[in-house]
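A short write-up of the structure that comes next.
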Amino acid sequence: MESKWSVRFYKEGDEERIFELWEAAYAHYNPTIEHWLRWWRWKYKENPAGTARIFLAEYESKIVGQQSMVPMVMKIGAEVATCFQWVDTVTHPAYRRQGISFALYTAGIHQVKEDAVRLVYGFPNEATHRIGLLVGAVDAARIPYVFKPLDWGNALNTKISNKSFLKFLAVGGKVVSATFRRPKEAPTVEGLTISNVSSFDERINILWEKVSGQYLMLVVRNEDYLNWRYVAVPDMNYTIYTAEKEGEINGYLVLRCMEMRQIKVGAIFDILAQSEEITQCLISRAIDHCKQEGVDLVYGSMLASKTLLKALKRNGFMCTPFVKGVWLQAFSISQDIPKEFLTNAKNWFVQKGDSDWL
């Protein structure tokens, strides 16, 4: 017999029981409650765009499910509006297959309709992707990966057990890179300096004003947002590079080096610049940084402009046609954001940092 759980809004003081839900759902995660609360406050309460909407499934005072939406200020066409991003769908293992996630998504859609929010979007896994479709979301795109191996042997090592075949593939990979994806030398941009910085200052707002008109659908990348997303995030270190000329910021890049599946990777989270040449210079500096850190593979996940993709290719990046990209789903509440606009991938400018991945 199914449990008679109910859906409600989050209220102050629920955090400890929500943490217990996360412990049950993600036994491998194993954070301390202090660490988890720092992350919780940052993500749900300190966002400069506003506080998150959190929906909970409860059974006899026990939290058995959660689904959240965090606010994001987005540029949609020529306008700027607060939208919401679906994040953190969690169900207690003992209460799965009871329709909890669907009920939580439905409650969220009902609420944003009441609040006249224009758009909800997210980056679902395969399970939540199906739920998104059930509540009326559309598939906007699959977000492709781009990658650049720095050490083919190490990058392939966790996938190939046969050492002779591994050596063959590593040598072949190097030949392919040298022949078809040989990086171009970074261009010389007179007066341009690239610096490693600890945070963003108000000059980043001027860059945003200059370049945002090139894109139709993207998160507003201003000082408040970027410092919240990459600087204030607790227990996480990002490397930030800015490209400056004559006292102005002409571009920036954010990356993080980490261990992933027994190899060291460099993940590019966000790039924005005024020109292809500056973009190429920033990517080149990021690759140099990854080499210094002993990274085996540099990668990014993005729906981007031709300028950015061209700069990545000039730095030796390749696409991954055989690897399925991440889903981007969207739900329009506003009649002036039609389905045809949302499902045209060329309208979106989305990178790894636009999601809640850390």
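Table for the structure above
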quantity: Candidates L282, L272, L308 - the one that is under 18 Å from the mean Cα position of the chain (by Cα), touching a residue at least 12 places away in the same chain (Cβ under 8 Å) and in a helix (DSSP H, G or I); calculated: L308
quantity: Qualifying positions in the stretch 219-244 - in contact (Cβ under 8 Å) with a residue 60 or more places away in the chain and either closer than 27 Å to D151 by Cα or assigned to a helix (DSSP H, G or I) (or both); calculated: D224, Y225, W228, R229, Y230, M236
quantity: Total residues in the stretch 22-52, condition in a loop (DSSP other than H, G, I, E, B) and closer than 28 Å to R97 by Cβ; calculated: 7
quantity: Looking only at the stretch 248-264, and only at residues there that are modelled with pLDDT of 95 or more and farther than 16 Å from W357 by Cα, the one that is farthest from the chain's Cα centre (by Cα); calculated: E248
quantity: The lone exception for G247 - which of (1) over 25 Å from A186 (Cα atoms); (2) free of Cβ contacts under 8 Å to residues at least 60 places away in the same chain it fails; calculated: (1)
quantity: Flag for A267 being surrounded by fewer than 24 Cβ atoms within 10 Å (Cβ to Cβ), touching a residue at least 60 places away in the same chain (Cβ under 8 Å) and within 18 Å of D354 (Cβ to Cβ); calculated: yes
quantity: 1 or more residues modelled with pLDDT of 90 or more and outside the structural domain of A286 (by TED's automatic domain parsing): qualifying helices (runs of 4 or more DSSP H) within the stretch 109-218; calculated: 126-134
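The values are calculated or read from the model by the stated rules, or taken from the named source; none is laboratory data. What you see is a predicted model; the values in this text were computed from it and never measured. Here the Cβ is made from the backbone with ideal geometry for all residues, glycine too, and neighbour counts use every protein chain on show.
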